[in-house]
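Here is the structure we will look at.
Where a number appears in this text, it was derived from the coordinates with a stated rule and is not lab data. Quantities reported herein were computed from a predicted structural model and do not represent experimental measurements. Neighbour counts are summed over all protein chains in view; Cβ atoms, including those assigned to glycine, are modelled from backbone coordinates with ideal geometry.
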Amino acid sequence: MDTRARNLTGQPGEAEMNDRKWAVLGSCKSWDWSTSPDFYSALDAEFCFDHDPCKIGGTLGLLENWGRRNYVNPPYGRGLKDWFSKALLERAKGNLSVFNVPARTDTSWFHDYVLPNADEIRFVRGRLKFGAAAHGAPFPSIIVVFRPAAKTDSPVTTSPQPESTPAQSK
């Protein structure tokens, strides 16, 4: 039974309304949640991951070298832009990064990092379950793919000069 106070009209009290508001916004006591094994396995079958820079409970992955094929389920919160910035550095090294993040299309990180740089944005149908949660997340998710940058031997290329035709004499 819910023991939180209700006002005289039987409506939820302030504490309950705050709980509901934060649940709707997707807030929680922790931003660290593991990916369900089935969802991860499907992505791994496609991308063959060799590294996960997002150990539960930390941001040390921002400081380490990533693998060639990275699965990135970063802590959700204000620091997401740092993870996308790191992915762009890893892309320049020739590394793939596949992110599992909230579909927050109204945020600055989405407009500044994802839209102009992602090679793919996949909207996940339904709500993902994280960790041992009994229910799906209170927000939609997207998979963001940053493929390795195309490598060339030199950033400068040359084109052959067009063959000159001999001047015809009159």
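Relative to the current alpha-carbon distance between residue 48 and residue 112, full extension at 0.36 nm per residue lengthens the span by 20.3 nm.
The simple spin-label model puts a point 7 Å past each Cα toward its Cβ; for residue 65 and residue 92 those points are separated by 1.7 nm. Residues whose amide H comes within less than 5 Å of that of residue 124, counting only those at least five positions distant or on another chain, are 141, 142, 143 (H built at 1.01 Å from N in the peptide plane).
For the pair residue 123 and residue 41, label points projected 7 Å from Cα toward Cβ lie 2.8 nm apart.
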